[in-house]
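What follows is a short report on a single structure.
Nothing in this text is a laboratory measurement; each read-out follows from the coordinates by a stated rule. All values derive from a computational prediction rather than experimental measurement. FYI the Cβ positions are ideal-geometry reconstructions off the backbone, even for glycines, and counts take in every protein chain you see.
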Amino acid sequence: MGAIYLLRHGQASFGSDNYDQLSPLGHRQARLLGEALRSRGVKPDALFSGAMQRHRDTALGALPAWPEVDGLRQAAPGTDPWSTHPGINEFDHENVIAVAEPRYADKQVLMQDMAAAPDPRLAFRTFFRDAVARWVGGHHDAEYAEPWSVFKRRVVEALDDIVRQAPPKGDTLVFTSGGVISVVCAHLLGLSDLQAFTINWTLANAGITKLQSGRDGLHLISVNEHAHLEGAEPAVLSFR
């Protein structure tokens with residue numbers, strides 16, 4: 001049977017001009033992710049990455065754990081040893097935020113409002129959960145660039161495509177985002193849409209979710225493994 005590892009990207013740069021780039025912590029998490037996978041005997045026979053910068057940067061940070069693969073990339077500058085798959089891109093969280101509160105299309109207004117709250121992190125988390133719940137609810141689909149139902153279908157179709165391309169007895173690494181991983185887990189477990197995002201809120205940056213593909217179909221083996229982040233010094237465990 002083949003194993004498919006869904007790998008959440010390292011911490012992105014919330015609050016910066018370019019959210020999509022990894023933070024310094026995110027780069028360290030990517031390196032630890034690769035080392036953790038190699039230490040458990042994972043050898044990438046196939047690699048996929050979303051088209052986002054944080055996906056690609058996480059892949060680049062993890063690949064040095066396999067010098068034989070990383071060497072191929074370095075020998076051919078400008079090329080990557082993975083297949084880019086836009087189907088595993090994250091949903092547009094900025095659009096979800098701006099639809100819920102049009103003033104927040106201006107990031108500075110969002111940051112100022114959150115900074116004025118007694119607990120800025122809690123204020124943003126509460127607002128964003130409500131914004132996502134509105135998106136997932138499906139009653140305002142026409143307002144969004146990509147409605148929840150379309151995002152969910154895109155992810156499931158991308159999963160099917162990757163399973164078709166994955167080697168039947170090898171290891172496949174998939175660098176992606178939390179929303180995508182949540183949809184996959186909910187799809188395989190038969191969970192509701194809102195339950196899918198209950199999973200999403202708990203996913204660690206650079207966490208590992210393992211699927212197994214065989215003659216009897218695709219199975220979820222583990223979700224959100226992150227022990228490789230808990231034991232590091234200094235602490236590198238993060239969720240946003």
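Table for the structure above
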{"item": "Share, in percent, of DSSP beta bridges within the chain that are antiparallel, nearest 5", "result": "50"}
{"item": "Assigned charges on the beta-carbon of Lys, Arg, Asp, Glu; the range 1-141 dipole about Cα centre (debye)", "result": "480"}
{"item": "Residue-by-residue Karplus 3J(HN,Hα) for the range 179-190, coefficients 6.51, -1.76, 1.60, Hz, glycine and proline x", "result": "x, 5, 4, 4, 4, 4, 4, 5, 4, 6, 9, x"}
{"item": "Distant-in-sequence amide H partners of His85 (H built 1.01 Å from N, under 5 Å)", "result": "Ser49, Gly50, Ala51"}
{"item": "Value in Å of the Kirkwood radius, where the chain supplies the Cα pairs that are averaged", "result": "18.5"}
{"item": "Built amide H within the under 5 Å cut-off of Gly2, gap 5+", "result": "Ser213"}
{"item": "Integer Hz, Karplus 6.51/-1.76/1.60 couplings in order for the range 160-171, x for Gly and Pro", "result": "4, 5, 5, 4, 5, 8, 5, x, x, 10, x, 10"}
{"item": "For the chain: relative contact order, % (alpha-carbon pairs under 8 angstrom, 6 or more apart)", "result": "32"}
{"item": "Over the range 152-240: Kirkwood hydrodynamic radius from C-alpha pairwise inverse distances, Å", "result": "14.0"}
